[in-house]
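Where a number appears in this text, it was derived from the coordinates with a stated rule and is not lab data. Everything numeric here is computed off the predicted structure, so don't read it as measured data. Cβ: placed from backbone, ideal geometry, glycine included. Neighbour counts: every protein chain shown.
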Amino acid sequence: MSGRRILMIVGDFGEDYEIMVPFQALQAVGHTVDAVCPGKRAGESVRTAIHDFEGDQTYSEKPGHNFALNSDFDAVDPADYDALCLPGGRAPEYLRLDERVLAAVRHFDETGKPIAAICHAAQILAAAGVGRGRRISAYPACAPEVRLGGGEYAEIEVTDAVTDGHLVTAPAWPAHPAWIAQFLAVLGTRISHE
């Protein structure tokens, strides 16, 4: 099986690990990942933020990296892609206000193509109206949005993920092993250990 073409929609102050790790891991197993951001072109960067869990009432936030985009958002046609990846962080707060982002998310949902969303990306799912009737994990602070969007909030361990049909969700970056593995399964990716 040849690799899949995956669209990743990112934005400034998206969570560093939730952008960098799936971007690299999906490529490492043979998929093509086009990382795009509304209002930016290939070669431009988004600034990331590192969210950590240090015993405070919420996560701490530190400067991350400048993540280079490799494709132009304005040139993207969701029909050309096999799957969608939505990282979390603060970027979903404003990405969900862009109707073109929401239309892209709806395309993947309506066509049954795999969608992986983590952490605050549930805000985009809710705004796009694709969470209704689905079991969805997210950062716990996004539970009200999952419920208001008609979904069932999956209260799971921070290291777990949930697959509901073609939708794979997780609470935060500590779930990467489970989230990426479940996304790869939905993509039909087979990894062999010989």
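General remarks:
- Unit charges at the beta carbon, dipole of the range 1-157: most positive-side option, 142, 36, 84: 84
- Euclidean distance of C-alpha centroids, the range 128-194 and the range 91-109, integer Å: 17 Å
- Relative contact order of the range 5-187, pairs being alpha-carbon contacts under 8 Å that are 6 or more residues apart, as %: 19 percent
- Taking the range 117-181 and dividing mean pair separation by its residue count, relative contact order in percent (alpha carbons under 8 Å, at least six apart): 34 percent
- Think of each Lys and Arg Cβ as +1 and each Asp and Glu Cβ as -1; about the Cα centre, that makes the dipole of the range 5-187 roughly 280 debye.
- Alpha-carbon centroids, the range 1-25 and the range 59-81: separation in whole Å: 7 Å
- Paramagnetic label zone (point 7 Å from Cα along Cα-to-C-beta, residue 72; backbone N under 20 Å) in the range 31-60: 33-46
- Neighbour-limited loop hits for trypsin sites (Lys or Arg not before Pro), the range 92-162 (at most 13 other Cβ within 10 Å; DSSP other than H, G, I, E, B): 132
- The range 1-77: GluC sites (Glu not before Pro) in DSSP loop, at most 15 other beta carbons within 10 Å: 44, 54
- Qualifying GluC sites (Glu not before Pro) for the range 109-183 [loop in DSSP, other Cβ within 10 Å: at most 13]: 155, 157
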